[in-house]
Each structure stands twice: as C-alpha cells, then as structure tokens.
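To start, the structure under review is shown below, and the notes come after it.
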Amino acid sequence: MDLDLVFLGTSGSVPTAQRAPSALLLRRGGERLLFDCGEGTQRQLLRSSVGLIELREVFVSHFHADHYLGLPGMLKTFALRGRELPLTVYGPPGLRELFGALRRVFGKLTYALELVELQPGDVLERPEYNLVTYPVAHGVRSLGFALVEHPRPGRFDGGAADALGVPPGPERGLLQAGESVQLPDGSVVTPDEVLGPPRAGRKVVLSGDTAPAPRVLEAARGAEVLVHEATFLDEERERARQTAHATALEAAEIARDAEVGLLALTHLSNRYFGPEVAREARTIFPDTVVPKDFDVINVPFPERGSPQLVKGGVLHTREEREPTPEPEAVP
C-alpha cells in the first residue's frame with residue numbers, strides 16, 4: 001500500500017514567490033486526504049501532476065486565514081464543474097459557524113457538503129488505519145492529526161505451509177488474511193502456524209501550527225514521519241513564544257525525543273530560506289528535511305526502507321523540477 005505526503009503549501013502566514021500557504025495532501029492507496037487549504041491551493045493542485053481531484057475529505061487544523069482561505073474558491077470550482085460527489089470538511093469546534101459566513105462567498109453547491117467538528121482525542125476509524133486528533137498549543141482551538149495504520153499480518157512462511165500440506169492457491173491467501181483453512185484430509189491449518197509475528201503499520205503525524213508541546217511529542221512517538229511547523233529560527237525564540245509557534249531547534253528536539261524516522265519542517269516565515277532552517281534543525285536531529293512546494297515524501301513500510309524526500313515529485317516535467325541555468329555573462 002503506497003503512502004506519501006505531497007507538500008502543496010509550505011509558507012508561513014503569507015505566500016511568497018516560491019511558497020504557498022499551508023496545504024498538504026496525504027495519499028494512501030486510492031485515498032486522498034487534504035490537510036489545510038491555504039490561499040491558492042486549487043491552483044497548486046492544478047500546477048501539479050495531481051490535478052484538481054474530486055477530494056472527498058478536507059481537514060482544517062484551525063481557523064487562521066492562511067489555513068482555510070483556499071476552501072471557498074475550491075468549493076465553488078467543484079460546483080461550477082457540476083460535481084455530485086459529497087464532500088466532508090473536518091475541523092475544530094467553530095467550523096459550522098465559519099461556514100455560515102463562508103456560504104456567502106461560495107454560494108449554492110451542486111453536491112452535499114458535510115461539516116464535522118472534532119474534539120482533541122477524537123478518532124476516525126477506518127478499515128486499515130485510524131485518524132487520531134490531538135491538542136496542540138497555538139492559542140486558538142487547533143488540532144494535530146496522526147494517521148496510525150493497524151498492525152499487519154506477519155510474513156507468510158512458505159516452507160511451513162509446504163510442510164503442513166497447504167497447496168498453492170486461495171488457501172494460502174486466506175491464511176495470509178488471518179483465516180483458518182481446512183485441507184482435503186480434514187486437518188485444519190491456522191494462521192499462526194504459517195505467519196510470523198505481526199508487523200507494525202506506519203504512523204505519520206502532522207502538527208499544524210503549534211508551540212512546542214508535550215502532546216505533540218506523545219503523538220509523534222515512533223512515527224515514520226513528523227511534519228512540524230518551524231516558523232522561526234532560534235534567534236527569534238521569544239517571538240515564537242509570543243505567537244505560539246515553534247523554532248526549527250524546538251521542532252528538532254521533539255523529533256529527537258519522539259524517535260521519529262524523518263522530520264519535515266514547514267510553515268516557514270518569509271524571512272528565512274529552507275537551507276538555513278534545515279542546518280539549524282540538523283544540529284539536533286540530522287534526519288531533517290525542509291520540503292518546498294511540490295516536493296513529496298514517500299513513506300514505505302519499515303522493512304522496505306526509510307522515508308525519502310523526492311524533490312519536485314509532483315511537478316509535470318523534468319524542466320519544471322530543475323531550475324533553468326542562468327545565462328552566461330556576455331563579455
């Protein structure tokens with residue numbers, strides 16, 4: 001099952017020429033979950049190889065404008081295209097009140113729009129994973145999100161199956177799925193006889209906007225990827241504290257203490273460039289990346305490797321991924 005993170009907006013409170021406000025698309029198999037929808041998110045999708053897909057679910061971490069201003073335009077575009085598929089938007093308490101005002105902007109829709117208010121600690125149970133909400137420290141009602149996959153069956157032991165007389169075919173598939181099978185001689189083979197110990201699923205944690213917080217550390221413990229804001233560098237630690245944001249060093253300390261596989265820093269202030277943010281964080285946590293818009297982080301199962309950053313992973317062409325060399329000076 002493929003799992004990756006598409007960074008559509010990595011700027012802080014305002015867009016820059018290179019970075020759009022907050023938006024992140026989580027792709028798991030055929031599912032597409034959008035977390036936050038800053039100004040211009042639909043255009044970011046259109047510029048990418050993802051396209052403006054018929055999203056089924058959008059999750060808003062909190063109601064600061066840089067995290068939801070892209071929603072009214074996107075909802076209206078869906079309606080202008082004649083969309084009929086229902087859409088669900090999740091967010092903290094106050095979501096319905098916000099949309100009461102936004103309806104004046106996007107007007108009548110051609111599809112059902114469901115609004116679901118979530119409290120910290122709520123769990124959305126899915127067949128193969130849970131989406132867990134947790135409280136963060138941002139001075140307003142805010143949510144962090146953790147996608148936690150269920151444990152997977154252990155590895156199938158073909159030698160043990162051969163020894164027990166399990167023929168190749170559907171019986172082995174049933175055993176891998178956790179069901180016992182009866183053989184032609186009447187004997188019963190149970191999954192524990194041919195499967196190794198259960199294997200952990202993956203965990204991806206998104207902090208949203210937050211100051212350093214113990215709840216974020218607990219949510220992130222053992223995660224393959226932690227996406228944490230880093231609005232400031234350590235020289236602005238006092239400013240970060242005043243605005244309930246985090247520095248790159250503080251995010252790195254959380255990643256180190258939570259023993260995550262990879263730290264991805266986002267929500268950068270326009271006063272900084274990615275490399276300087278990465279350098280500061282790597283003094284504490286070397287496995288840190290600072291994605292740009294349109295970068296992707298692939299999250300394989302642990303036995304298949306570590307999470308990897310793919311630069312420009314959803315840009316259409318190689319030319320868009322690689323900057324055009326500057327022309328040589330004319331003598």
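Extension gain, Ala79 to Glu128, is 14.5 nm, computed as 0.36 nm per intervening residue step minus the present C-alpha separation.
Counted residue by residue at 0.36 nm each, then reduced by the alpha carbon distance between them, the extension gain from Ala65 to Ser306 reaches 83.3 nm. From the mean inverse distance of alpha carbon pairs (Kirkwood) and the Cα radius of gyration, derive Rg over Rh for segment 145-228. That ratio equals 1.27.
Please go through segment 252-318 and write out the chymotrypsin sites (Phe, Trp or Tyr not before Pro) that DSSP classes as loop and that have at most 13 other C-beta atoms within 10 Å. Loop-located and lightly packed - Phe273.
The simple spin-label model puts a point 7 Å past each Cα toward its Cβ; for Glu235 and Asp2 those points are separated by 4.1 nm.
P(r) for segment 66-113, from all Cα pairs and a bin width of 5 Å, is 4, 20, 34, 27, 13, 3 %, short bins first.
Centroid-to-centroid, using Cα positions, segment 20-77 and segment 139-183 are 33 Å apart. Computed on the chain, the Cα convex hull volume stands at 191 Å³ per residue. The shape of segment 190-321 can be summarised by an equivalent ellipsoid whose semi-axes, obtained from the alpha carbon gyration tensor, come to 29, 21, 11 Å from longest to shortest. Dipole check for segment 76-145: with +1 at the C-beta of Lys and Arg, -1 at the C-beta of Asp and Glu, and the Cα centre as origin, the magnitude is about 500 Debye. In this structure, the amide hydrogen of Leu8, modeled 1.01 Å from its nitrogen in the peptide plane, lies closer than 5 angstrom to those of Ala23, Leu24, Leu25, Phe294, counting only residues at least 5 positions away or on a different chain.
State to the nearest 20 debye the size of the charge dipole of segment 74-200 about its Cα centre, where the only charges are +1 on K and R beta carbons and -1 on D and E beta carbons. For segment 74-200, the charge dipole is close to 1220 debye.
In loop segments of segment 1-89 as defined by DSSP, the trypsin sites (Lys or Arg not before Pro) with at most 14 further C-beta atoms inside 10 Å of their C-beta are Arg56, Arg81. Pairs of Cα atoms in segment 98-144 fall into 5 Å distance bins, from 0 up to the last occupied one, in shares of 5, 16, 17, 17, 16, 17, 11, 1 percent. Extent along the principal axes, Cα only, for segment 31-78: 28, 20, 18 Å, with the longest axis given first. Computed from the alpha carbon positions, the gyration tensor of segment 1-127 leads to an equivalent ellipsoid with semi-axes of 19, 18, 17 Å, biggest first. The 3J(HN,Hα) values that the Karplus relation (6.51, -1.76, 1.60; θ = phi - 60°) gives for segment 27-41 are, in residue order, 10, 9, x, x, 7, 9, 10, 9, 10, 6, 8, x, 3, x, 4 Hz. Gly and Pro appear as x.
Here, each number is a calculation from the coordinates, and none is a lab measurement. Computed from a prediction, not measured in an experiment: that's the story for all the values here. Neighbour counts are summed over all protein chains in view; Cβ atoms, including those assigned to glycine, are modelled from backbone coordinates with ideal geometry.
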